[in-house]
Amino acid sequence: MTSTLHRETLETLAFRAGYLALFALLVLPLLVVVVTSFAASGRLAFPPESYSLVWYGEFFGDLRWLTAFENSIIVGVGTAILATVLGVLGAFGQEIDDDSRIGSIVGPLVLLPLLIPPVILGITLLMYFSELGIRGSYVTLVLAHTLWATPLVYFVMRSVFSRFDWQQLDAAADLGAGPIQSFVHVVLPNVKQGVFVGGLLAFIISLQEFVMALFLSTASTETIPVLAWTEIRQALDPMVSVVSTFLILFSLVALALAVLATNLEWVSRQLS
Amino acid sequence: MSEITLQGLEKQYGETTAVEDVSVEINDGELLCLLGPSGSGKSTTLRMIAGLETPTEGAIRIGGEDVTEQPAYDRHTSTVFQDWALFPHKSVLENVAFGLKMRGVSEDERHERAETMLERVQMGSYDDEDPTNLSGGQKQRVALARSLAVNPDVLLLDEPLSNLDKRLREDMQIELREIHEDVEETFVHVTHDQDEAFTLADRIGIMDGGQLIQVGDPDEIYENPKNRFIEGFLGDTNFVEGTVESANPDLVTVESELDDTLTIPAGEDHEVAEGTPLELSLRPEILSIDRLASDAEGTASEADEEHEPMLADGSVLNTVTGTVDTVLYRGSTVRYSVSVGDSSVFVERTDTTEESLSVGDEIRIEWNGSDVLAFHTDGTRVGI
């Protein structure tokens, strides 16, 4: 009895050590980035010889970086909105129309953009948008990022809808709710956490996408990954780390919001 | 007026036919139960009345208006679903007020009406409750209040009681009956439980294999089932196989598997011919039982009787003897399985003050031949 208990403790310990090591492996590079952002010298080295906030000052003083940040957020929000609308409607449509022929095609079709290398997508879109005369605008970046983000929102929503009790739609229709009323008053409130998570996912995808942005952006619409790449080619200074730190921070806030959104109702139920 | 007419209603899913040629008139203010085993098409029929399924063929009229093509949200019907389908993200009060909200009723007015409905189903103190925290019986009441709140012409109930335990189910049946008398709306209630149907219904429609086999008053259906399926479905009975031995104008005798010739008094225009294979239904309530005198002579004299005498009122006494095989206590009744010849029948005793029988007892089973129902081998009723 005691020996089995002992063995269980040992196994638990080994397991803990294992996943802590894995966790450390994932987090350490991020730590290096954050730490180097506080370097005082102009050389990107780890650990830095001395610490200061001088590069943060540089960042806030540099209009190019601030503009890139603004661009990233504009494109990110645009992508999040467009991809969420498309992904949610696509998943919903397929769910309520799943035995029709169109429904069975949508699933694999939505995946396609993920299977095409971003370089090819970027070049193709560049030619296409030039033809349309909207080259270099935010719209092109948002559309390109939406190509990538929509499948992810779509798959998140498929799994959310698979847990939705579809009889509620019958009940709503039965009580006099038309299709749009049903969607607004019954479907959306039930899946709002999923919608929120899908939207955040789309935002993060857009925030860190580089290849298509490189092809499609101009000096006035360039996003953070694009500017970072241009800068690194010229000089490898801690500015890159500062920008990365902000990106990490952004993603963490987004993640926290997502966790909060999914658990908010649970939390409020616990409190009341 | 909200009478319902179903005319040649048919629903196909690909190759399978769920509902086939269902036609019935449901009167205004009537409570009709659609009764049948699962898969008999009764829920599909109900969903077509609600507008949640579109019929492949046929027409539906409610209050004289053809609603066949009308979507569910335009019909003045309201459904209580089997697992109630309450909205989990809305409070109990909001659930009940939902239908009125969709009809554009102001918040004050719809909350007031919702509260009245909740009080009617004795859920008045649960306004702000989260429906997911309610018990099955409470959810059922809220679902009923939600459906009644929109003041429908027709209330459709899709086995709403089947997920409740027995005691609660019986209470709710009585309550439903009262609500029906109260609101004077047309109710269509779907169930697979014959007791529920007999408790609730003004009329019962029996469904099997997608078809509506018989519609009628509860006692009419019970006394006069149209086929063998209904006879077997409405309650336990003994089906005894046999062949017609002689078919006289006033008397039919059947050579049965009970090792004896059974006699059925017949009307003059009966349609039975000699040699026809039949199935006879001997319901436990028509069988009376008696312990045989233990002396061997008595047994012999009973068995010697070839044909039972016809009594003055036209009934014919049938008697068989057998041995008690098993005794099963079922609360208020005791059920005995009795082997008779090569076959076996079950009989019941409800009067527990009578002397109880035990395994191995020799007993005599008697019944009046005119109480027996006869069926052809294809299940149709034999007119005798």
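The values are calculated or read from the model by the stated rules, or taken from the named source; none is laboratory data. Computed from a predicted structure; not experimentally measured. Methodologically, a virtual Cβ is constructed for each residue, glycine included, from the backbone with ideal geometry; neighbour enumeration extends over all protein chains shown. For the accessible areas, the whole protein counts, side chains as well, though only heavy atoms, and no ligand, DNA or RNA atoms are used. Shrake-Rupley method; radii C 1.70, N 1.55, O 1.52, S 1.80 Å.
Counting only residues that are acidic (Asp, Glu) and part of a loop (DSSP other than H, G, I, E, B), which one in the range B:252-270 is nearest to residue B:230 (Cα to Cα)? So the residue we want is B:257. In the range B:271-282, which residues are outside any loop (DSSP other than H, G, I, E, B), crowded, with 17+ Cβ neighbours inside 10 Å and of a type outside the set (Asp, Glu)? Correct list: B:278, B:280, B:281, B:282. Which of the residues spanning the range A:74-114 are in contact (Cβ under 8 Å) with a residue 40 or more places away in the chain and over 28 Å from residue A:167 (Cα atoms)? Hits for the range A:74-114 are A:74, A:75, A:76, A:77, A:78, A:79, A:80, A:81, A:82, A:111.
A residue that is part of a loop (DSSP other than H, G, I, E, B) and among the charged types (D, E, K, R) occurs somewhere in the range A:159-179. Among the criteria (1) modelled with pLDDT of 85 or more; (2) open to solvent by less than 60 Å² (accessible area, probe 1.4 Å); (3) closer than 19 Å to residue B:336 by Cβ; (4) not hydrophobic (A, V, I, L, M, F, W, C), the one residue B:285 does not fulfil is (2).
Might you check whether a residue that is exposed (fewer than 14 other Cβ atoms within 10 Å of the Cβ) and without any contact (Cβ under 8 Å) to a residue 12 or more places away in the chain occurs anywhere in the range B:87-106? Checked against the condition, which is being exposed (fewer than 14 other Cβ atoms within 10 Å of the Cβ) and without any contact (Cβ under 8 Å) to a residue 12 or more places away in the chain, the range B:87-106 yields at least one hit. Between B:243, B:186, B:237, the distinction of being farther than 24 Å from residue B:21 by Cβ, buried (at least 16 other Cβ atoms within 10 Å of the Cβ) and not small (Gly, Ala, Ser) belongs to B:237 only.
On the stretch given as the range B:108-119, residues that are within 14 Å of another protein chain (Cβ to nearest Cβ) and more than 17 Å from residue B:141 (Cα to Cα) total 1. Scanning the range A:147-157 for residues that are more than 11 Å from the chain's Cα centre (by Cα) and farther than 13 Å from residue A:197 by Cα returns A:147, A:151. Only one of B:146, B:141 is within 25 Å of residue B:49 (Cβ to Cβ), away from chain A (no Cβ under 12 Å) and assigned to a helix (DSSP H, G or I). Can you tell me which? Sole residue among the options that is within 25 Å of residue B:49 (Cβ to Cβ), away from chain A (no Cβ under 12 Å) and assigned to a helix (DSSP H, G or I): B:141. Is it true that some residue in the range A:213-230 is modelled with pLDDT of 90 or more, among the polar types (S, T, N, Q) and assigned to a helix (DSSP H, G or I)? No - not one qualifying residue is present in the range A:213-230. Taking the conditions (1) open to solvent by 30 Å² or more (accessible area, probe 1.4 Å); (2) away from every other protein chain (no Cβ under 13 Å); (3) part of a helix (DSSP H, G or I) in turn, residue B:180 satisfies each one other than (1). Residues being loosely packed, with under 15 Cβ neighbours inside 10 Å and out of contact with any Phe, Trp or Tyr (no Cβ under 7 Å at 6 or more places or on another chain) are entirely absent from the range A:140-147.
The conditions of being more than 16 Å from residue A:202 (Cα to Cα), of a type in the set (Gly, Ala, Ser), at pLDDT 90 or above and in contact with a helix residue (DSSP H, G or I) (Cβ under 7 Å, 6 or more places away or on another chain) are met by residue A:122. For the range A:138-192, the set of residues classified as among the polar types (S, T, N, Q) and more than 14 Å from every other protein chain (Cβ to nearest Cβ) consists of A:140, A:146, A:150, A:159, A:162, listed by residue number.
Looking at the range B:142-149, is at least one residue open to solvent by 10 Å² or more (accessible area, probe 1.4 Å) and either under 25 Å from residue B:32 (Cα atoms) or touching a residue at least 24 places away in the same chain (Cβ under 8 Å) (or both)? Checked against the condition, which is being open to solvent by 10 Å² or more (accessible area, probe 1.4 Å) and either under 25 Å from residue B:32 (Cα atoms) or touching a residue at least 24 places away in the same chain (Cβ under 8 Å) (or both), the range B:142-149 yields no hits at all. I'd like the full set of residues that are closer than 30 Å to residue B:129 by Cα, touching a residue at least 40 places away in the same chain (Cβ under 8 Å), open to solvent by 20 Å² or more (accessible area, probe 1.4 Å) and not acidic (Asp, Glu), limited to the range B:54-83. If the condition is that a residue be closer than 30 Å to residue B:129 by Cα, touching a residue at least 40 places away in the same chain (Cβ under 8 Å), open to solvent by 20 Å² or more (accessible area, probe 1.4 Å) and not acidic (Asp, Glu), then B:76, B:82 are the ones that fit. Filtered by the rule that a residue be among the hydrophobic types (A, V, I, L, M, F, W, C), without any contact (Cβ under 8 Å) to a residue 12 or more places away in the chain and part of a helix (DSSP H, G or I), the range A:115-138 gives A:115, A:120, A:127, A:132. Show the residue pairs meeting these rules: Cβ distance below 6 Å; 6+ apart or different chains; first residue within the range B:335-351 and assigned to a loop (DSSP other than H, G, I, E, B); second residue open to solvent by less than 40 Å² (accessible area, probe 1.4 Å). Note: pairs meeting the criteria are B:341/B:258; B:350/B:333. Within the range B:192-202, being over 8 Å from the mean Cα position of the chain (by Cα) and either without any contact (Cβ under 8 Å) to a residue 40 or more places away in the chain or open to solvent by less than 50 Å² (accessible area, probe 1.4 Å) (or both) holds for B:199, B:200, B:201.
Report whether or not residue A:201 is open to solvent by 40 Å² or more (accessible area, probe 1.4 Å), in a helix (DSSP H, G or I), within 14 Å of chain B (Cβ to nearest Cβ) and free of Cβ contacts under 8 Å to residues at least 60 places away in the same chain. No: the conditions fail for residue A:201. For the range A:40-71, the set of residues classified as over 24 Å from the mean Cα position of the chain (by Cα) and assigned to a helix (DSSP H, G or I) consists of A:54, A:55, A:56, A:57, A:58, A:60, A:61, A:63, listed by residue number.
Note on the range B:25-107: enclosed strands (runs of 3 or more DSSP E) holding 1 or more residues that are of a type in the set (Gly, Ala, Ser) and within 12 Å of chain A (Cβ to nearest Cβ) are B:77-80.
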